[in-house]
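Scroll down for the structure; my scribbles are underneath it.
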Amino acid sequence: MIRLTDQAFDPGALLTDFCAGRTETGAVATFTGLARAEAGATTTLELEAYPGFTEARIAEHAAAATERFGLQDLMILHRVGKIAPGETIVFVATAASHRRAAFEACDFLMDYLKSRAPFWKKETGPDGSRWIEPRDQDHTDLARWET
């Protein structure tokens, strides 16, 4: 499942549902991303996406992850709209026969979501608003999967 939402969600409940009935799965790896306050510099994080297009692009990358790591299943839930510090931004879960594939697939998906997924991110704080671009480290993290 790949879905965008403007509503808060509970990663624990998502994990419980994702794991239910998995009698042949040996590993589930997850990542939960939270909005940071940046020491008071950020009061709101705002994410924009093109409905339909953004999910389709994420689905292409998810299909590549499924093939590359032999995943049994995956889930990506990503917030859009205004998000306060401490709120959940993203939840990624991967299911595989073995732990290494689940861990690596989760990492692979997050590197894509952080650096290349079609989201536009803006932080607002006491000093105004600014658009956020991926950091150099984000690009480095993503590049390691290209070998």
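Apart from one condition, G12 fits all of (1) in a loop (DSSP other than H, G, I, E, B); (2) loosely packed, with under 13 Cβ neighbours inside 10 Å; the exception is (1). Restricting L34, L77, L71 to those that are farther than 13 Å from R3 by Cβ, surrounded by 18 or more Cβ atoms within 10 Å (Cβ to Cβ) and not charged (D, E, K, R) reduces the list to L71. Is the range 16-33 home to any residue that is in a loop (DSSP other than H, G, I, E, B) and in contact with a Leu (Cβ under 7 Å, 6 or more places away or on another chain)? No: the range 16-33 contains no residue that is in a loop (DSSP other than H, G, I, E, B) and in contact with a Leu (Cβ under 7 Å, 6 or more places away or on another chain).
Among residues of the range 122-142 that are without any contact (Cβ under 8 Å) to a residue 24 or more places away in the chain and farther than 12 Å from T43 by Cβ, those with a Cβ under 8 angstrom from a residue that is in a helix (DSSP H, G or I) and among the small types (G, A, S), sequence gap 6+ or separate chain, pair up as P134/S115.
Only helices (runs of 4 or more DSSP H) whose full extent lies in the range 44-147 are considered here, and the ones with at least 1 residues that are within 12 Å of the chain's Cα centre (by Cα) and at pLDDT 95 or above are 53-69, 99-115.
Taking (1) crowded, with 18+ Cβ neighbours inside 10 Å; (2) in contact (Cβ under 8 Å) with a residue 40 or more places away in the chain; (3) out of contact with any Leu (no Cβ under 6 Å at 6 or more places or on another chain); (4) not hydrophobic (A, V, I, L, M, F, W, C) in turn, P51 satisfies each apart from (1). Of the residues making up the range 5-48, those that are farther than 21 Å from E104 by Cα and of a type in the set (D, E) are D6, D10, D17, E38, E46, E48.
The values are calculated or read from the model by the stated rules, or taken from the named source; none is laboratory data. Since the structure is predicted, the reported quantities are computational estimates derived from the model, not experimental observations. Note that each Cβ is placed from the backbone with ideal geometry, even for glycine, and that neighbours are counted across all protein chains shown.
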